[in-house]
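Novice: One structure follows; several queries about it will come next.
Every number in this text was worked out from the coordinates using simple rules, so none of it is lab data. All of these numbers come straight from a predicted model, not from anything done at the bench. Cβ placement follows ideal geometry from the backbone for every residue including glycine, while neighbour counts extend to all protein chains displayed.
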Amino acid sequence: MNEENDNYLCVTYPKMFVNRNSPMTETCMCWGFECGNGWFNIINQLCQNIQHHIDWSIQNNEQDLKYNEENPDKLKTVRPICNQVTVDQVKEKFGTLRFYYNFESDKVKDLVKIAEARSSVTCEFCGKAGQLYSKGWCKTLCNEHANEFYKEEYKYDYICENCNFNFNYEGDLETFQCPRCRCEKIAKKS
């Protein structure tokens with residue numbers, strides 16, 4: 001990831017990336033964000049969602065404590081605080097995003113799973129719709145970057161006009177559906 005995007009994430013989410021410049025004996029964040037700029041929006045949205053969840057849990061906890069203080073005869077259960085997440089490493093592995101952190105909660109785990117899944121259909125270089133290629137190195141790439149990265153290895157005969165999925169097929173296209181979106185809007189590439 002370029003320096004501008006790296007700085008933006010660290011400045012916007014300082015509590016999460018508190019270890020960004022710590023030594024490698026303490027964290028893998030010392031190497032920065034080890035993925036392409038195409039996943040910047042996914043990482044930014046993930047961090048925003050995690051930090052919002054943490055801040056919301058603190059706010060709810062404070063409200064519950066205040067309510068119980070003001071209403072000792074009507075006590076209600078105090079909602080727990082979600083611990084502050086600090087990030088240990090952000091990288092590409094096997095073609096998709098990996099986001100390693102501490103202070104796990106079910107909500108944070110779900111948010112990370114969603115972001116990692118989104119990376120599998122988003123080009124790591126430009127952020128356009130992509131697909132996972134696994135010839136040699138695994139990469140999630142759009143058509144343009146796949147042709148650059150793999151040169152002539154990935155040439156497809158057909159494209160889905162609905163979701164832009166590229167594929168080869170040797171059967172009857174009259175009854176064929178797109179493997180990704182299951183529509184029937186298939187076109188021969190020129």
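Novice: If the chain between Lys188 and Lys107 were fully stretched, how many nm would it gain, using 0.36 nm times the residue separation less the Cα-Cα distance?
Specialist: 24.8 nm
Novice: Taking the range 72-165, which chymotrypsin sites (Phe, Trp or Tyr not before Pro) meet the DSSP loop condition and have no more than 16 other C-beta atoms within 10 Å? Let's see the in-between values first.
Specialist: Numbers: sites: Phe94, Phe99, Tyr100, Tyr101, Phe103, Phe125, Tyr133, Trp137, Phe149, Tyr150, Tyr154, Tyr156, Tyr158, Phe165; in loops: Phe94, Phe103, Phe125, Trp137, Tyr154, Tyr156, Phe165.
Listed in order of number, the matching sites are Phe94, Phe103, Trp137, Tyr154, Tyr156.
Novice: Among the listed pairs Lys93/Lys139; Lys128/Lys188; Lys93/Lys135; Lys109/Lys139, give every one whose C-alpha distance is greater than 20 Å.
Specialist: Working: Lys93/Lys139 9 Å; Lys128/Lys188 22 Å; Lys93/Lys135 14 Å; Lys109/Lys139 23 Å.
Going by Cα-Cα distance, Lys128/Lys188; Lys109/Lys139 fall outside the 20 Å limit.
Novice: What trypsin sites (Lys or Arg not before Pro) in the range 1-107 are in a loop by DSSP, with at most 10 other Cβ atoms within 10 Å of the Cβ?
Specialist: Values: sites: Lys15, Arg20, Lys66, Lys74, Lys76, Lys91, Lys93, Arg98, Lys107; in loops: Lys15, Arg20, Lys74, Lys76.
Hits after loop and neighbour filter: Lys74, Lys76.
Novice: Gain in length, Gln84 to Gln45, computed as 0.36 nm per residue apart minus the alpha-carbon separation, to one decimal in nm?
Specialist: On the way: separation 39, 0.36 × 39 = 14.04 nm, distance 1.68 nm.
Full-extension gain reported as 12.4 nm.
Novice: Between Cys163 and Lys91, what is the label-point separation in nm under the 7 Å Cα-to-beta-carbon projection?
Specialist: About 3.0 nm, to one decimal.
Novice: Which distance in nm do the two modelled labels at Asp73 and Trp137 give, with both placed 7 Å along the Cα-to-Cβ direction?
Specialist: Using points 7 Å along Cα→Cβ, the separation is 7.0 nm.
Novice: Let me ask something additional. For the charge dipole of the chain, defined by +1 on Lys and Arg C-beta atoms and -1 on Asp and Glu C-beta atoms about the Cα centroid, which residue among Tyr133, Thr96, His53 has the Cα displaced farthest towards the positive pole?
Specialist: Tyr133
Novice: Tell me the volume per residue, in Å³, of the convex hull enclosing the alpha carbons of the chain. Numbers along the way, then the final one.
Specialist: Details: hull volume 30.2 nm³, N = 190.
Considering the Cα atoms of the chain, their hull volume per residue is 159 Å³.
Novice: Related question: Non-local amide H neighbours of Thr140 (under 5 Å, H modeled in plane, Pro and chain starts lacking H): which ones?
Specialist: Result for Thr140 returns Glu124, Tyr133.
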